[in-house]
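Novice: Could you have a look at this structure, given as structure tokens, before my questions?
Coordinate-derived values only; no laboratory data. Since the structure is predicted, the reported quantities are computational estimates derived from the model, not experimental observations. Positions of Cβ are generated from backbone atoms using ideal geometry, with glycine treated the same way; all protein chains shown enter the neighbour counts.
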Amino acid sequence: MHNAAIHTRSSRQFAHTVRQPLEKSPACEQLANESRMDRQFMALLDAYRNTGGLARAQEVFTMYRSRHGADVETLARWIVRREVISFDWQSKVWVPLFQFDRTTMTLQPGLNSILAALNPIHGPQEMAAWFAQPSRWLMEQAPADVFGTDPHAVLKAACTDRFIAA
């Protein structure tokens with residue numbers, strides 16, 4: 001019987017503890033933030049699958065170098081100046097491949113105008129998400145999906161979104 005009394009008391013303490021809200025410690029908040037970022041990255045991986053996918057910047061540099069020789073500075077400059085879509089995840093830079101002609105690794109025509117419209121209102125991660133999410137201005141299609149066939153429609157959607165955000 002003595003063990004039963006101790007078990008009952010410890011069970012009540014445990015039940016009371018479990019019902020208490022977790023403290024918002026910096027470690028818990030960081031873990032929750034990392035989990036959210038992981039889910040966002042997985043969603044981006046899935047969204048860009050139909051348009052060539054995502055690649056780490058190092059892989060894109062390798063593809064670029066195979067077509068342009070040692071001139072990887074151009075690609076690095078595009079990333080730094082946000083002339084291509086890129087974002088960080090787990091200390092790596094990721095690049096959606098739809099924005100390149102895969103045979104020449106040059107930028108797709110029209111991309112620069114779209115990015116010029118969106119860069120002032122979106123950060124790198126938001127930009128990647130904007131191109132991956134369905135847009136009401138593109139009949140619920142993602143801009144990355146439409147870009148290959150109708151870059152002008154994507155530019156109009158970008159300008160409309162910029163106007164609404166302003």
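Novice: With 10 angstrom as the radius, rank MET105, MET42, MET127 by how many other C-beta atoms surround their C-beta, starting from the fewest.
Specialist: MET42, MET105, MET127
Novice: Continuing with the same structure: Over the Cα atoms of the range 64-166, compute the convex hull volume and normalise it per residue, giving Å³.
Specialist: Working: hull volume 10.1 nm³, N = 103.
With only Cα atoms used, the range 64-166 gives 98 Å³ per residue.
Novice: Can you compute the FRET efficiency between ALA165 and MET139 using 1/(1 + (r/R0)^6), with r the Cβ-Cβ distance and R0 = 25 Å? Round to the nearest 0.05. Let's see the in-between values first.
Specialist: Numbers: r = 21 Å, r/R0 = 0.83.
About 0.75, to the nearest 0.05.
Novice: How would you order 118-126, 94-102 from highest to lowest mean count of nearby Cβ atoms within 10 Å? Don't jump to the answer; show the numbers that get you there.
Specialist: Details: 118-126: 15.7, 94-102: 20.2.
The most tightly packed comes first, giving 94-102, 118-126.
Novice: Relative to the present Cα-Cα distance, how much length would full extension add between ARG49 and VAL80 at 0.36 nm per residue of separation? Provide the component values of the computation, followed by the final result.
Specialist: Working: separation 31, 0.36 × 31 = 11.16 nm, distance 2.43 nm.
Full extension from ARG49 to VAL80 adds 8.7 nm.
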